[in-house]
Every structure is written in structure tokens, then in C-alpha cells.
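J.: Sharing a structure below in C-alpha cells format, with a few things to ask.
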Amino acid sequence: MKRPDARHLVLAPLSILMVLPFVYMLGASVMTQAQINRYPPPLYPPGVDLSGYQELLSDSQFPRWFLNSVIVSAAIVASQVVLCSMAGYAFARLRFSGRKVALVLVIATTLIPFQLTVIPTFLIFHELHLINTLPALIVPQLASALGVYLMTSFFQNFPRELEEAARIDGCSRFGVFFRVVLPVARPALAALAVITFIYAWNDLFWPLVAISSEDKYTVQAGLATFQGQHRADWPKIMAGTVLTTVPVLAVFIIGQRRFVQALAGAVKG
């Protein structure tokens, strides 16, 4: 029997510590308001009470918010996979004046907090009559500097021989990109999709600014309405948090292997 690595003695307790908040969240979602407010709070549910889930699904617009989040996140993921991969391939393979400077400027935009640009962004979308619509949540995230950098790093390590062989066979530059490069770039595309989905799904700040109608909220903005100034409906909040965490965990578990492969390649590059 193989002896456990010494690092596991550190990682195992840390992993348990990281999982505990999720376990408590799941337990609190089946507690009553009185049980959650008890001091000290119970570490595990005395019983199973599903009223939080029932009220969440029947007395609120949570299903609508969930659908809005799915639409927004899917559109952002599809857009970033296409646009960031094309931009990354251009920076990695095409030779044009100012290429390195342009790449540095794109990466440098990650240093600018979104809070500094939220006012001009809001004014632009207001002039375009997109405020309080789902496109207002999608358009600002059609591409990202992180996605461009990730794809550029991957394509810089891509073997040129495959591209040259395809060009000899008569493929155009677009043909090489779509028929040869993208199928091999699936680990990087999967990593980009996972990162983008998690960010888009969990975004709260911009939806609160750009959306004013309750029926157009995303799940994060909708859950914020359950917490008032003097009272918070914790069973509904915990139940909603559990349901909104499930898609993120599912996406990460499905794309975990390719996610690690792509990040390892990006660091190596």
C-alpha cells in the first residue's frame, strides 16, 4: 500500500475546512428561521424543513431569475470562446506592427477596476437604450483580457507543423484555425468556458446597476432582495444559494481535467 504524501497531511484538513461552509449552507437551507437565528446556531439541522425551497420556488421569481442567468451566462461563454480564441490566435501567429504593444495593452486593462468604468459604461448603454435589458448584461463581457491572454499562451505552444501541413493541403488561414487549431485547443477552450461561466454566473455588481425590473434580475441580484435592512429571510437565501451553487459545481467538475491542463500550459508558456 502506497504511503500518503506528506503534503496530504496539510491539504486534507484544509480541504475539509473549505468544504465546511458548503455543508453548513446545505444544512441551513433545511432549517427554519428560528433555528437559524438561534444563538449559538446549530451546526446541523435538527430536522428537515423544506419550506425555504417551497417559498423560493412558489412565492418568488426565482425560476425566472435562474433562466435569466442561464441565458446571460451561456451567451457570454459562447462569445468569449469565439472572440478570445480568434484574438489569441491572431496575437500568437499573425505578424503585424505593434502586436506586442497591443497585447500588453490588452492585458493591462485587467488592472483597471470595473467600478472606475461603470459610470461611462452605464451612460453608453443608456444612450443605446439597453439599460434594463439582458443584452446590457451580456455586451460588456463579450470578450475579456484574461481570455485573450489564456488563448494566446496556448497558441504560442501550438505546433506549427500541423498548421503548415494543413496550408500545404490547401486550407486557408480560417480553415486552419477552425479545422485544425480549434479541435486541438479544447482544453484551453474548456478552461476559458469554466472561468467565464463562474464569473458571469456570480456577477452581482453590474446587474444591480443595469437592471431595475425584478423580472429581469439574475439569480445573484434576485437573492439580494431577500435581505432587507432589518430582516433577512435566511431559509430562502440559503435555499437559493444551494440551487445557484449547483450549476457552478457541475460545470467545474465536468471541465476540471481540461481546466488544469490548460492552466498548466499557460503557466509553462
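J.: Along the principal axes of its C-alpha atoms, what lengths does the chain span, in descending order and rounded to whole Å?
T.: Result for the chain: principal-axis Cα extents of 71, 67, 31 Å.
J.: Now for a different question. Counting only protein heavy atoms and using a 1.4 Å probe, what share of the accessible area of the range 127-243 belongs to carbon plus sulfur, as a whole percent?
T.: 59 percent
J.: Ignoring ligands, DNA and RNA, what percent of the accessible area of the range 21-116 is carbon or sulfur (1.4 Å)?
T.: 72 percent
J.: Over the chain, give the accessible area per residue in Å² for a 1.4 Å probe, as an integer.
T.: 60 Å²
The values are calculated or read from the model by the stated rules, or taken from the named source; none is laboratory data. Model, not experiment: these values are computed from the prediction. Only protein heavy atoms, including side chains, enter the accessible area calculation; ligands, DNA and RNA are left aside. Shrake-Rupley method; radii C 1.70, N 1.55, O 1.52, S 1.80 Å.
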